[in-house]
1. Name, by its number, the condition in (1) of a type outside the set (Lys, Arg); (2) surrounded by 17 or more Cβ atoms within 10 Å (Cβ to Cβ); (3) under 14 Å from the mean Cα position of the chain (by Cα) that does not hold for Tyr76.
2. Could you check how many residues of segment 139-187 are of a type in the set (D, E, K, R), in contact with a helix residue (DSSP H, G or I) (Cβ under 9 Å, 6 or more places away or on another chain) and not in a loop (DSSP other than H, G, I, E, B)?
3. Being part of a helix (DSSP H, G or I) and among the basic types (Lys, Arg) is the filter; apply it to segment 30-60 and report the residue that is farthest from Glu109 (Cα to Cα).
4. Conditions first: (1) over 22 Å from Leu198 (Cβ atoms); (2) in contact (Cβ under 8 Å) with a residue 40 or more places away in the chain; (3) outside any helix (DSSP H, G or I). Thr127 passes all but one, so which condition is the exception?
5. Please go through segment 79-96 and give me each residue that is within 16 Å of Arg62 (Cα to Cα), part of a helix (DSSP H, G or I) and in contact with a Lys or Arg (Cβ under 9 Å, 6 or more places away or on another chain), ordered by number.
6. Can you tell which of Asp178, Asp87, Asp125 is of a type in the set (D, E, K, R) and touching a Leu at 6+ places or on another chain (Cβ under 9 Å)?
Amino acid sequence: MSKAEAKRCPWSGSDALYIAYHDEEWGVPKSDARALFEKLVLEGFQAGLSWITILRKREAFRAAFDNFDAQAMARYGPRKVASLLKDEGIVRHRGKIEAAISNARAFLELESGPGFSQFLWSFVDGTPKQNAYKKMADLPAETPESKALAKALKSHGFRFTGPTTMHAFMQGVGMVNDHLTGCFRHEECAKLGARFSL
């Protein structure tokens with residue numbers, strides 16, 4: 001079966017960028033701290049918007065935020081914030097921009113302790129959780145794990161990381177495999193999950 005004929009999760013739609021994201025990224029377990037931090041920040045910017053909006057702006061976000069180098073972002077001051085608020089390539093929302101900067105500082109604190117990846121993955125016991133949903137209507141907006149993660153992140157000073165946002169994050173980075181059982185990526189991501197280790 002070719003990729004053109006493959007059955008996908010309905011949310012991937014017909015946009016080529018969205019399909020590529022579904023086929024190559026969504027649900028693939030990630031352990032790289034910088035990649036996880038980038039996804040966390042982008043999910044925060046997505047709040048109230050569609051993910052395809054963020055996906056289309058992702059390269060502009062990377063350019064604007066020093067490729068999500070937390071050390072660089074943690075040093076951003078008022079002048080950089082003013083510059084970001086004028087950047088038409090990204091989502092110009094002061095609260096989200098300021099949250100991204102404070103989240104970089106919180107990220108660095110966790111990295112100097114248990115490690116950001118280890119901290120995140122501890123909420124699924126270090127192993128991707130394999131779900132078996134058949135319909136989009138079955139997918140929850142949040143889970144006990146995403147609620148626990150959101151609460152823990154808040155306690156460490158993170159913002160724009162509520163339970164629904166964190167569930168989307170966990171799905172995106174493969175902490176949970178929420179591809180529908182009829183989607184060709186469900187089995188592929190399950191195999192990646194079985195081989196995953198921190």
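Quick note: the coordinates plus some simple rules give every number you see, no bench work behind them. What you see is a predicted model, and the numbers here were worked out from it, not measured in a lab. Note that we place each Cβ from the backbone using ideal geometry, even for glycine, and neighbour counts take in every protein chain shown.
1. Looking at each condition in turn, Tyr76 falls short on (3).
2. So the count comes out to 4.
3. In this case the residue turns out to be Arg56.
4. (1)
5. Passing the criteria: Val81, Leu84, Leu85, Lys96.
6. Asp178
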